[in-house]
Amino acid sequence: MDKILSRVSSAAGALAVGAFTVNSCIYNVDGGERAVMFDTLRGGILPDVRDEGTHFMIPVVQRPVIIDVRTKPREIPSVTGTKDLQMVNIKLRVLWRPVIEKLPQLYRELGTDFDERVLPSIGNEVLKSVVAQYNAEELLSKRAEVSARIKTELIKRGAHFHLTLDDVAITHLTFGHEFMKAIESKQVASQEAERQQYVVQRAEQERIANVTRAEGEAEAATIITKAMEKTGNAIVEVRRIDAAKDIAKKLAKGRNITYLPGGGGGSEGGSGGNPGLLLSIDK
């Protein structure tokens, strides 16, 4: 019995040692990651890159360095000056990833935090150099052009450090308080100028209307004068009759208006009778 227990314990010990040795000789590279190998016997970082999966290594002699190669976003803020000496606060969003084939060189030169070392410096450099070529108004009117130039220059600078930039976009763009106040004053002045122009145009239209109305009235008076010269007072009588018809029509619609005919039953033409009365009766 003692011999059996001794053999079992020995086998278990050997199994544990074997499991520990095997576990020390393998490592895993997860999805979206790559590994570079540091070898103390072969002069440091090896030139090949390990892909995703399980790989073997020599314990103590070799040490894998796992690096994330997925596309990641980063925001780069900068305060810079425009061509017309206006200060602008601009933020840039960058989608970046490392060049997989250059991971050994990238790790050797910059370490694992290469994005912290590279992106802020080249981002500010490119932003300052591009923005300085435009004035403040052009940054607003030519935003797409400015963004495209920043992207082109930043991709060139990123390639020098073995970084691939998938997208570069301006997400925030504001000017200083004084410039914003000047823009607001300019807009108010422009609106006031447009309002004054409208007032002038309206006055001109009214003047033309008045002139046309006066010319029409003068022409009508001339026609009436010529007609009176030909027909005497007949046209005046016609106008009086038309006016009397309009008055009678308006009074006929009133509810409190009553007509009382004149007495006496005059002669023909109504020359001998009393005129009728129009009474306003309040109810």
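Things to note:
- The range 37-69: number of residues that are open to solvent by 60 Å² or more (accessible area, probe 1.4 Å) and not in a loop (DSSP other than H, G, I, E, B): 7
- So R149, is it without any contact (Cβ under 8 Å) to a residue 40 or more places away in the chain and either open to solvent by less than 20 Å² (accessible area, probe 1.4 Å) or not in a strand (DSSP E or B) (or both): yes
- The residue list S185, S141 contains one member that is more than 17 Å from P120 (Cα to Cα), out of contact with any strand residue (DSSP E or B) (no Cβ under 9 Å at 6 or more places or on another chain) and open to solvent by less than 80 Å² (accessible area, probe 1.4 Å), which is S185.
- Contact map, the range 115-128: first residue farther than 17 Å from S147 by Cβ, second residue part of a helix (DSSP H, G or I) and of a type outside the set (F, W, Y), Cβ cut-off under 6 Å, separation 6 or more or different chains; pairs are R117/L110.
- Qualifying residue in the range 159-166 (condition: open to solvent by 70 Å² or more (accessible area, probe 1.4 Å) and either of a type outside the set (D, E) or closer than 30 Å to I100 by Cβ (or both)): yes
To keep it simple, each residue is scored yes or no on (1) at pLDDT 90 or above; (2) under 39 Å from the mean Cα position of the chain (by Cα).
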site	(1), (2)
P64	yes, no
V69	yes, yes
L103	yes, no
K128	yes, yes
L140	no, yes
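- Residue within the range 93-113 that is buried (at least 16 other Cβ atoms within 10 Å of the Cβ), touching a strand residue (DSSP E or B) at 6+ places or on another chain (Cβ under 9 Å) and part of a loop (DSSP other than H, G, I, E, B) present: no
- Considering L278, L260, the condition of being modelled with pLDDT under 65, farther than 30 Å from V79 by Cα and touching a Ser or Thr at 6+ places or on another chain (Cβ under 9 Å) is satisfied by L278 alone.
The values are calculated or read from the model by the stated rules, or taken from the named source; none is laboratory data. Nothing here was measured: the structure is a model prediction, and the numbers come from that model. So basically every Cβ, Gly included, is an ideal-geometry build from the backbone, and we count neighbours across all protein chains shown. SASA here: full protein model, heavy atoms, side chains in, ligands and nucleic acids out. Shrake-Rupley method; radii C 1.70, N 1.55, O 1.52, S 1.80 Å.
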